[in-house]
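The values are calculated or read from the model by the stated rules, or taken from the named source; none is laboratory data. Only a predicted model underlies this, so the values are computations on that prediction, with no experimental measurement involved. Here the Cβ positions follow ideal geometry from the backbone for every residue, glycine too, while neighbour counts run over all protein chains shown.
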Amino acid sequence: MKVAVISDIHSNLVALEAVLAAIGSVDAIWQLGDVVGYGPEPDAVVARLKEAGAIGVRGNHDAAVVGDLPTDSFNDDARAAVEWTRKRIRFETEAYLRALPEKLVLPDSTTARGELTLVHGSPRNPIWEYLTSTWAARENLGAFDSRWCLNGHTHVPLVLAQVGQSVKGLAVDAAIRIELGDSRAFLNPGSVGQPRDGDPSASYMLFDTDAYAASWQRVEYRIEDTQARMLELGLPPGLARRLTFGL
Ligand code: ZN
């Protein structure tokens, strides 16, 4: 089965459309949370995900928008965008976000090698923890049973794979393909709507569950269209500006 894995779309419809066009034909689309927040088109992004038949989990921004997570620990721009989104979204969008689970464990039949766990942050703290270190990854190996965990939240493409008793990190560049073998691993597709690895193009991952391989892709999109819309709608200018730099 060929799966497109996308994450951290953050209401960036222009980026999502570019990614969906580049993905082409796949058997499934899985999204890893933060569907909304930061960007200007929450309703249209949710409608597009529904149309594409995507399944997935909720992120901290999704939870905050529907009132399930306080925004005290969000920075000012993030909090402003959450409040902007909350006031603006349609009922169907809110219902969609509310229904997203924190964790999704896909059954054995999905892959030839057993279950897969989908979370936004980490298995032990699906909403909040950033998996940015081999230490954090090792701590999380006991918090899920499946071979692979797909996670987002950091907005940086990354593989953290178990090697013996330790975990090794591997930064992934565009178009790299990794054979996963028997290792347990955390796979992060990077962010569609607000990349933070210095490359402003939208990031996603193709996952081949038959060949046990994953590859990372980048897609350029019209960043200035998203930025113009954000400024027109009164979202914080800093959130628009950062899209230029992928930071
Ligand atoms: Zn995010």
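Selection within segment 182-229: residues that are on the phi > 0 side of the Ramachandran plot and in contact with a strand residue (DSSP E or B) (Cβ under 9 Å, 6 or more places away or on another chain). The member of this set that is surrounded by the most Cβ atoms within 10 Å (Cβ to Cβ) is Gly190. Return yes when Gly142 is away from the ligand (no atom under 15 Å from the Cβ), over 13 Å from the mean Cα position of the chain (by Cα), surrounded by fewer than 16 Cβ atoms within 10 Å (Cβ to Cβ) and modelled with pLDDT of 90 or more and no when it is not. Criteria met by Gly142.
The single residue among Asp76, Asp72 that is more than 25 Å from Val219 (Cβ to Cβ) and either of a type in the set (A, V, I, L, M, F, W, C) or in contact (Cβ under 8 Å) with a residue 60 or more places away in the chain (or both) turns out to be Asp76. Restricting attention to segment 125-151, which residues are among the small types (Gly, Ala, Ser) and either in contact with a strand residue (DSSP E or B) (Cβ under 6 Å, 6 or more places away or on another chain) or outside any helix (DSSP H, G or I) (or both)? Matches in segment 125-151: Ser133, Ala137, Ser146.
Of all the criteria given as (1) at pLDDT below 95; (2) among the charged types (D, E, K, R); (3) within 18 Å of the chain's Cα centre (by Cα), the one not satisfied by Arg196 is (1). Remark: pairs (first residue in segment 188-216, more than 17 Å from Val159 (Cα to Cα); second residue of a type in the set (S, T, N, Q) and surrounded by 24 or more Cβ atoms within 10 Å (Cβ to Cβ); Cβ separation under 6 Å; 6+ apart in sequence or on different chains) = Gly193/Asn12.
Scanning segment 115-128 for residues that are surrounded by 16 or more Cβ atoms within 10 Å (Cβ to Cβ), touching a residue at least 12 places away in the same chain (Cβ under 8 Å) and within 16 Å of the ligand (Cβ to nearest atom) returns Leu118, Val119, His120, Gly121, Ser122, Pro126, Ile127.
Residues checked against (1) of a type outside the set (Val, Ile, Thr); (2) surrounded by 21 or more Cβ atoms within 10 Å (Cβ to Cβ); (3) away from the ligand (no atom under 14 Å from the Cβ):
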residue: Asp8; (1), (2), (3): yes, yes, no
residue: Val26; (1), (2), (3): no, no, yes
residue: Tyr38; (1), (2), (3): yes, yes, no
residue: Val45; (1), (2), (3): no, yes, no
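State which residue pairs qualify: first residue among the aromatic types (Phe, Trp, Tyr) and inside segment 13-34, second residue in a strand (DSSP E or B) in any location, beta carbons under 7 Å apart, and separation of 6 or more residues or different chains. Pairs found: Trp30/Val3; Trp30/Val5; Trp30/Ile55; Trp30/Gly56; Trp30/Leu118; Trp30/Leu150.
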